[in-house]
Amino acid sequence: MPVGGLVPRTENVTEHAADVVVRNARIHTGDARRPQAGALAIRNGLITAVGDDADIAPVVGPSTVVVDALGRRVVPGLNDAHLHVIRGGLNYVLELRWDGVRSLRQGLAMLREQAARTPRGQWVRVVGGWSAEQFAERRLPTPAELNEAAPDTPVFVLHLYQSAVLNRAALRAVGYTRDTPDPKGGQIVRGRGGEPNGMLLAAPSALVLYSTLAKAPTLEGEERRTSTRHFLRELNRFGLTSAIDAAGGFQSFPENYATVTELARDGLLSLRIAYHLFPQTPGQELDDLTRWVETVRPGDGDEWLRLNGAGENLTWAAADFENFAEPRPELNAYEGEFAKAVRLLTEHGWGFRLHATYDETIRRDLAVFEGLAAEGLFPAGNRWLFDHAETVSPDSLDRIAALGGSLSVQNRLSFQGEVFTRRYGAAAAAEAPPVRAMLARGLTVAAGTDATRVSSYNPWVALHWLVSGRTVGGLAIRPPENRVDRATALAMYTTAGAALTGEQDVKGVLRPGSYGDLAVLSEDYFTVPEPEIPSIESVLTVVGGRIVHAAAEYEGMDEELPPVSPGWSPVAHFGGYQAARPAHGAGARQAELLGEAVAESGLHHRWRVARGLAAEQGTPFDPCFLL
């Protein structure tokens, strides 16, 4: 298509013609040698030219797709360095997402509507991605509200790693009664007479939450494939082109990996995935790891699906918990089995990642690594990293750097910052995690979300947290000296993630020879007002030269997906992340606040009506309303 002087060539171009050209753009390449450009070309999945229209014109052939970016900002495709993408994909179409919902009133209305269309035997489940602090009401739903919204349909609402709320139908479905004992590390809250009242508490382990959720119906066969494809498209919507899957509980290998493996085999992945393997059974970890290291090696696979190592747990006993509503757990002795696991992995060329929330855990892990290093066995050229590290100390950072480790940080405090501050104080929250101190030591520090069961998968919420230090509730917890500028935050979401998978030469930067992975943004990330960063989306996402998401002027240019199945799915009716357009100017923000107040007022009126303190319909005081 001829656009702005780029006329398709018909001679001497076919053999090197580009598949896709993006022009009239403000391209942030991430390449220090050429940080800005106006156009680029992609052929056979790789970038072949970066420059201006004149540089790209010679490779525009008759079949080249020319995208006019209309002056928009283009960035390298984002890479979430810690995302539970495989588990999230298997369940995506079954979940009602409260990500981005601004009031509990709206969330309950969505829940009520979904319950009405959910068939008998199925559940309504809200599984992560939200915090009570994002609501105008600043609170969780109550069991009574869930019972009112869905008297007969089981409802399960997960709140962070802290708690879950169930209605009576869900309690019946899972079989919780007055005789059900509290699980280890968890509590079934009970009312008068000992009957469960619908609240489950992680105290401090989230096992009671996840084991309860595991009792819900699951998808099978083709519906798993469809669910995963729609989840990947939802991630593409925000400019994600890669993710590192951190495995996790209730994600068994190989059965739960079969869907992404089949999609990769059929060329249907729209997101590049590097995955980890996580032993699922306490006491059996070394047996699992031994079987795996003798079967496959990190790096096996291709640019779409590849093994990246073990973790985020190697042994269950070494894992701390991230429930900041509870005191830090005191772990029993775990170093013996943990050292055996690390030794086994390093001897077989396996890297790993480790879930470690607290410095107390990190120090104990480092002591094991240093003991192996003294024998010349660690790290043996293998990539390894700590995840989370909210309270890591300066001394531990020095030790990590000395051992050649890396870090992956997530915006869990976007959603848990208020409760962390209440427990540990403002000074501790200001350094949770100490991102600037990590970077100052020259460490590779990648960024991600830890979605979907705590944070939202929207990467722009995480980027906003890195830049602003604010929670989704608006609380500023990290001061300017522990924030990063926008370019640094973006690099943590692009080049740093590529380094964790050993792909830094081909991923995260827009230059010739790199993967053709990019996002055309709805707003300019570098100039949009800071509060509006979370509202950014991609209007065009390209992975390996394939247009995998297209909106706005580009609608219809992306690959067609099968319809959401089952048809009653919450995603079929509400979609995923509930985007709200940013409020521009003081007047718009005032109206937004007024709307939140109206929502809170409406809930208060219902509370008064239920208690006989007000009539169902009040009499208007203005006679104009009576005419």
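The values are calculated or read from the model by the stated rules, or taken from the named source; none is laboratory data. Worth saying up front: this structure is predicted, and the values here are computed from it rather than measured. Quick reminder, even Gly has a Cβ in these numbers, built from the backbone with ideal geometry, and neighbours come from all protein chains shown. The protein model used for the area step is the full one, side chains on, heavy atoms only, and it has no ligands, DNA or RNA in it. Shrake-Rupley method; radii C 1.70, N 1.55, O 1.52, S 1.80 Å.
In this structure, is residue 278 crowded, with 22+ Cβ neighbours inside 10 Å, at pLDDT below 95 and over 19 Å from residue 241 (Cβ atoms)?
yes
Restricting attention to region 249-262, which residues are surrounded by fewer than 22 Cβ atoms within 10 Å (Cβ to Cβ) and of a type outside the set (Ser, Thr, Tyr)?
249, 250, 251, 253, 254, 255, 256, 258, 262
Which pairs turn up if I take residues in region 534-563 that are over 14 Å from residue 72 (Cβ atoms) and look for partners that are of a type in the set (Phe, Trp, Tyr) and at pLDDT 95 or above with beta carbon separation below 7 Å, at least 6 apart in sequence or on another chain?
From residues that are over 14 Å from residue 72 (Cβ atoms), the pairs are 534/460; 544/515.
Name the pairs: first residue in region 232-256 and among the aromatic types (Phe, Trp, Tyr), second residue open to solvent by 20 Å² or more (accessible area, probe 1.4 Å) and in a loop (DSSP other than H, G, I, E, B), Cβ to Cβ under 6 Å, at least 6 apart or on different chains?
Close Cβ pairs satisfying both conditions: 238/537; 250/214.
Looking at region 401-411 only, could you name the residues that are within 14 Å of residue 456 (Cα to Cα) and part of a loop (DSSP other than H, G, I, E, B)?
411
Considering (1) at negative phi; (2) open to solvent by 10 Å² or more (accessible area, probe 1.4 Å); (3) free of Cβ contacts under 8 Å to residues at least 40 places away in the same chain, say which one residue 321 fails and leave the rest.
(3)
Just checking, which of 456, 514 is under 20 Å from the mean Cα position of the chain (by Cα) and small (Gly, Ala, Ser)?
456
Restricting the search to region 529-558, which residues are of a type in the set (A, V, I, L, M) and either open to solvent by 60 Å² or more (accessible area, probe 1.4 Å) or in contact with a strand residue (DSSP E or B) (Cβ under 9 Å, 6 or more places away or on another chain) (or both)?
The answer is 536, 539, 540, 542, 543, 547, 548, 550, 551, 552, 557.
Quick check on region 356-370: of everything there that is in contact with a helix residue (DSSP H, G or I) (Cβ under 8 Å, 6 or more places away or on another chain) and among the charged types (D, E, K, R), which residue is most open to solvent (accessible area, probe 1.4 Å)?
Within region 356-370, the match that is most open to solvent (accessible area, probe 1.4 Å) is 363.
Conditions: (1) at pLDDT 95 or above; (2) not in a helix (DSSP H, G or I). Residue 62 meets all but one. Number of the miss?
All conditions are met except number (1).
Residues that are in contact (Cβ under 8 Å) with a residue 40 or more places away in the chain, touching a strand residue (DSSP E or B) at 6+ places or on another chain (Cβ under 7 Å) and open to solvent by less than 40 Å² (accessible area, probe 1.4 Å): which helices (runs of 4 or more DSSP H) entirely in region 412-517 hold 2 or more of them?
It comes to 435-440, 459-468, 486-492, 495-500.
Let me confirm something: among 337, 330, 347, which residue is open to solvent by 10 Å² or more (accessible area, probe 1.4 Å), closer than 30 Å to residue 417 by Cα and of a type in the set (Asp, Glu)?
Matching residue, one of 337, 330, 347: 330.
When you look at residue 54, is it open to solvent by 10 Å² or more (accessible area, probe 1.4 Å), without any contact (Cβ under 8 Å) to a residue 12 or more places away in the chain and not in a loop (DSSP other than H, G, I, E, B), yes or no?
The answer is yes for residue 54.
Out of region 110-131, which residues are closer than 22 Å to residue 415 by Cα and either touching a Cys at 6+ places or on another chain (Cβ under 7 Å) or without any contact (Cβ under 8 Å) to a residue 60 or more places away in the chain (or both)?
111, 126
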